[in-house]
There are 2 protein chains.
Amino acid sequence: MSALLTDLYQLTMAAGYWCAGKARETATFELFVRRLPPNRNFLVAAGLQQAIDYLLNVRFAKEEIDYLRALPQFRNVDEGFWQALRDFRFTGDVFAVPEGTPLFPGEPILNLRAPLMEAQIPETFLLATIGFQSLVATKAARLVEASGGRAVVEFGTRRAHSPEAGVYAGRAAYIGGCTGTSNTLTGMLYGIPVFGTAAHSWIQSFPSELEAFERLHRLLGPATTYLIDTYDTLEGARRAASLGGPFWGVRLDSGNLVELSKAVRAILDDSGCHEAKIMATGDLNEYKILELCAAGAPIDAFGVGTELATSSDAPSHGAVYKMVEHSSGLGRRYTAKFSQDKSTLPGAKQVFRYPTHDVLARSHECFMPGCEALLRPVIIGGTPVGRQVTATESRQHARESIEKLPRKLLSLFECDPPYRVDLSDALLQLTEEVKGIPQ
Amino acid sequence: MSALLTDLYQLTMAAGYWCAGKARETATFELFVRRLPPNRNFLVAAGLQQAIDYLLNVRFAKEEIDYLRALPQFRNVDEGFWQALRDFRFTGDVFAVPEGTPLFPGEPILNLRAPLMEAQIPETFLLATIGFQSLVATKAARLVEASGGRAVVEFGTRRAHSPEAGVYAGRAAYIGGCTGTSNTLTGMLYGIPVFGTAAHSWIQSFPSELEAFERLHRLLGPATTYLIDTYDTLEGARRAASLGGPFWGVRLDSGNLVELSKAVRAILDDSGCHEAKIMATGDLNEYKILELCAAGAPIDAFGVGTELATSSDAPSHGAVYKMVEHSSGLGRRYTAKFSQDKSTLPGAKQVFRYPTHDVLARSHECFMPGCEALLRPVIIGGTPVGRQVTATESRQHARESIEKLPRKLLSLFECDPPYRVDLSDALLQLTEEVKGIPQ
């Protein structure tokens, strides 16, 4: 993986650390979210596997080093730096929460301790990978909650922020609770169920809707989902039912979904197709799904695209990556910021989760019976620790962890008061000590 | 490039076309935007180079075919289909507008004519690539307009929807008018200027701000930009000025930017650093930049991250890819949809741009003196046509094309009436004919 996929200032800082003789000083950085986006009561951590893959494989290729050497910013850098880039490997330690873990503001998704250069260069990649997948996993959890147990499938690659983002969106949506994705590459790469049958263009490419339906059924048999709104939805439902034989169901992509789903259900039932299901798609989000379910729309599954793959009501959540410790020849310093909007707490941390609240503690604190330590080692000395978990296991972990949260947090709207996150006595004491030191 | 990076239904439809003996029938699809997002008066087309690269290189790898063969959806497919996937190449024709072209709703960014299978499978990738880059290029054009000629640099990879999206965001932002990007890989891949010096963690890693500044200046010399808000912005400005020597300037990342920029300007001027510039960053967008400029803030350059790389006020714009023609053994049919919200016009199109308005016409119409035909051949018979343009040329094209638009369209707010897009007589006639045919 290209080490150039980062902000230039990470590389100028790396050069600066090298030139200042600081490249082997170590630092601990923590990645966390300062505030939750509107209407969210927690976020679901995701993207850690891609973060780990990156750290284990990040390298500078020869042509990348040549590119940097030609930039004016690196004019004053000595030869040793270029050799350091050629040899560049991540040799540090990473602790992280398992993917699918619900988290709250200020709680680290990961902390990373490494020589300054190795800790600085990955910042941009880690934030983009974990930030985006956590956004989508969180959105998926909301959609699944709104659907009250009905299936939600991720259909958003076409509106994702690049095709590659679509691949990751499918993965993160599955971890957050979706049943699967339409992205076929996501299915293959991560062992995730894939869904999809036909679009309006399929219907349009046949002289009649009926012939299009017949051909689809010949191909897909019991897996067939007829898209019935190309011309007239109710007529489409009658045509689908007239073909008989087992089929999965029908898909509605436009119109008043409450009225149409009820009318279509009646047509299917009257034709004896009691097993046939109804799927709804078309600019859906958690609020519309909630409304459809509340109105008793007999919809069995939802396909969600744009709003899920772009988390469109909250397309970012300001994840940050902040230095909390720094060790040099002068000893260890704990670093923090105390400005009003952008404060950070010093020192490497652990999150202890109790049934009713979390405690944000210093990383070396012993945990008490009845709580769980959320951050676990995933890379030690540049080497991965433990086995790789599958997306299905992460999805299961998300489901179980979300179920254990206080029920009110599952609301689609902000709950007041928010979830309780206490600071441990040791962390409070460290914070006071650091505040007392002139910066 | 993996042909599996698409929605599963594109592949089930491809199998269906094959099984129905329709795989060699040809279709024309058009990619366009139905409506502009709020406050936009045009969009800037981008992402075409990646779309072309994809079409020229899309393939099914052996393990990808094996994956599909094992899916239940493909149980009834005959062996010939798998051979067709092994041999899969894009052999069709593509006409597209040059990157950087401003466009209006309903105007095709590209049209693509190919055998049904080859036209269907790329839909998802093309929409995601062109959709996203056009969003970001459009946002960049707004930021540049708001800044009134000051430099705007793209800093958003960390908040982009995956690191890969960050690479494309940097490219698209540059085409839309940004001066450059912080994404170093974008710089190398596309020959785009890269910017960046140091973050707060750089300052924090030294015992004092002054030492951090000295070390940075030793590295970067006249390119140095001091980040001065880590502890106290005005004190930071004084320290930067005290170091003397030529430096690029200072960066403000927090606080009241109007007051701070004026105070910092005074400090720099009082110290004789008249050449030193002021850059502002920190959750900026086009509205905040407009306000800063209107308030006379002496800011020389803006760095914009989250809002640009995610187009956060409009993280999608509903680009669609619709079949407009279909040729089978039964002859050529023109396809369209006439539903209220989702209507499409039939037939392959051309856009003729006059100084005051556009005419959306049929693709074979001759154009009149005084207008420009926007769609040009880029792939014919699967082979690229013409030379590859650079990102810098596309940026230049965007700038020149935007300058030619009626001035009122450059407002950051919706103008009324919107830009005039007429339909040609031939297109109107075709539309009426198609409306008259029972579907």
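Helices from chain A with mean Kyte-Doolittle at least 0.5 and a Cα length along the axis of 15 Å or more, per DSSP H: which?
A:8-19, A:123-146, A:257-270
As a test of the formula, what do you get for chain B when each DSSP H run with n ≥ 4 contributes -39,500 (n - 2.57) and the sum is divided by the residue count, at 222 nm and rounded to the nearest 500 deg cm²/dmol?
That calculation yields -11500 deg cm²/dmol at 222 nm.
Between B:ALA294 and the same site in the other copies, what are the distances in nm, shortest first, taking label points 7 Å from Cα along the C-beta direction?
B:ALA294 label point versus its equivalents elsewhere: 3.7 nm.
First obtain the Kirkwood hydrodynamic radius of the stretch A:136-309 from its Cα pairs, then insert it into the Stokes-Einstein equation at 37 °C and 0.692 mPa s, and state the resulting D in µm² per second as a whole number.
202 µm²/s
Give the lysines reachable from B:LYS262 as a straight Cα distance under 24 Å; neighbours fewer than 8 places away on the same chain don't count.
In chain and number order, the partners are A:LYS342, B:LYS277, B:LYS288.
Given the options B:PHE247, B:LEU185, B:ALA276, identify the residue whose Cα lies farthest towards the positive end of the charge dipole of the stretch B:136-309 (+1 on Cβ of Lys, Arg; -1 on Cβ of Asp, Glu).
In the stretch B:136-309, that residue is B:LEU185.
Using a Gaussian network model of chain A with C-alpha springs under 10 Å, which one of A:CYS366, A:CYS273, A:CYS178 is most mobile by mean-square fluctuation?
In this elastic network of chain A, the residue with the biggest mean-square fluctuation among A:CYS366, A:CYS273, A:CYS178 is A:CYS366.
Between the stretch A:113-149 and the stretch A:57-102, how many Å separate their Cα centres?
Each part reduced to its Cα centre gives a spacing of 21 Å.
Calculate the spin-label point distance for B:THR392 paired with A:TYR287, positioning each point 7 Å from the Cα along the beta-carbon direction, and give it in nanometres.
According to this spin-label approximation, the distance is 4.7 nm.
Determine by what factor the alpha-carbon radius of gyration of the stretch B:335-415 differs from 2.2 N^0.38 Å, reporting the quotient.
1.37
Could you give, in nm with one decimal, how far A:GLN388 is from each other copy of that position, shortest first, with labels 7 Å out from Cα toward Cβ?
Going from nearest to farthest copy, the values are 3.0 nm.
At B:PHE413, with labels set 7 Å past Cα in the Cβ direction, how many nm apart are the copies from this one, shortest first?
3.1
Restricting to chain A, what percent of DSSP beta bridges are antiparallel, rounded to 5?
The antiparallel proportion sits near 65 percent.
Report, in whole Å, the centroid distance computed from the Cα atoms of the stretch A:207-247 and the stretch A:410-439.
57 Å
Counting other C-beta atoms within 10 Å, which of A:SER363, A:SER162, B:SER328 has the fewest, and how do the rest follow?
B:SER328, A:SER363, A:SER162
Please report, in Å, the Rg and the Dmax of the protein assembly as shown, where both are computed over Cα atoms only.
28.0, 87
How big is the antiparallel share of DSSP beta bridges in the protein assembly as shown, given as a percent to the nearest 5?
The answer is about 65 percent antiparallel.
Zone of A:ASP87 (label point 7 Å along Cα→Cβ, backbone N under 19 Å): which residues in the stretch A:1-27?
Residues A:3, A:14-27 fall inside that zone.
Given a Förster radius of 22 Å and the C-beta distance between B:THR383 and B:ALA61 as r, what FRET efficiency does 1/(1 + (r/R0)^6) yield to the nearest 0.05?
E(calc), rounded to 0.05, equals 0.45.
Quick one: what are the phi-derived ³J(HN,Hα) couplings along the stretch B:29-37, Karplus 6.51/-1.76/1.60 with θ = phi - 60°, whole Hz, x for glycine and proline?
Going residue by residue, I get 10, 10, 9, 8, 10, 6, 9, 7, x Hz, with x marking Gly and Pro.
Near B:LYS404, which aspartates and glutamates are there with a Cα under 20 Å away, not counting those fewer than 8 places off in the same chain?
B:GLU99, B:GLU107, B:GLU145, B:ASP358, B:GLU372, B:GLU393, B:GLU414, B:ASP416, B:ASP422
Have a look at A:GLY187, A:GLY170, A:GLY329 and tell me which one the Gaussian network model of chain A (Cα, springs below 10 Å) gives the largest fluctuation.
Highest fluctuation of the listed residues: A:GLY329.
Are any of the pairs A:LYS349/A:LYS435; A:LYS139/A:LYS337; A:LYS322/A:LYS435 more than 19 Å apart by Cα-Cα distance, and if so, which?
Long pairs (Cα-Cα over 19 Å): A:LYS139/A:LYS337.
Considering amide H positions built from the backbone, and no H for Pro or chain starts, which residues 5 or more places from B:THR390, or on another chain, come under 5 Å of its amide H?
Result for B:THR390 returns nothing.
Evaluate the charge dipole of the protein assembly as shown about its Cα centre and quote only its size in Debye, nearest 20, assuming +1 on the Cβ of each Lys and Arg and -1 on the Cβ of each Asp and Glu.
580 debye
Which value results for Rg/Rh of chain A when Rg is the Cα radius of gyration and Rh the Kirkwood radius based on the inverse mean 1/r?
Rounded to two decimals, Rg/Rh equals 1.06.
Where in chain B lies the longest segment free of GluC sites (Glu not before Pro) that are both loop residues by DSSP (not H, G, I, E, B) and have at most 13 other Cβ atoms within 10 Å?
No qualifying site falls inside B:1-274, the longest such stretch.
Counting only residues 5 or more places away or on other chains, whose amide H sits under 5 Å from the amide H of B:LEU227 once H atoms are built in the peptide plane?
B:ARG251
Please compute the contact order of chain A in relative form: average sequence separation of alpha-carbon pairs under 8 Å and at least six residues apart, divided by the residue count, as a percent.
Rounded, it is 22 percent for chain A.
Take every DSSP beta bridge whose two residues both sit in the stretch B:136-309, then give the antiparallel share in percent to the nearest 5.
Bridges in the stretch B:136-309 are about 0 percent antiparallel.
Could you give the spread of the C-alpha atoms of the stretch A:221-288 along their three principal axes, from largest to smallest, in whole angstroms?
Over the stretch A:221-288, Cα extents along the principal axes are 34, 20, 20 Å.
Considering only A:SER147, B:GLY100, B:GLY436, whose Cα is most displaced toward the positive end of the charge dipole of the protein assembly as shown, charges sitting on Cβ of Lys, Arg (+1) and Asp, Glu (-1)?
After comparing all options, I get B:GLY100.
Among A:ALA146, A:ALA391, A:ALA84, which one moves the most in a GNM of chain A with springs linking Cα atoms closer than 10 Å?
Maximum among the listed residues: A:ALA84.
A short reminder: the numbers here are calculations on the coordinates, not readings from a lab. On a predicted model such as this, the values are computed, not experimentally measured, just so you know. Quick reminder, even Gly has a Cβ in these numbers, built from the backbone with ideal geometry, and neighbours come from all protein chains shown.
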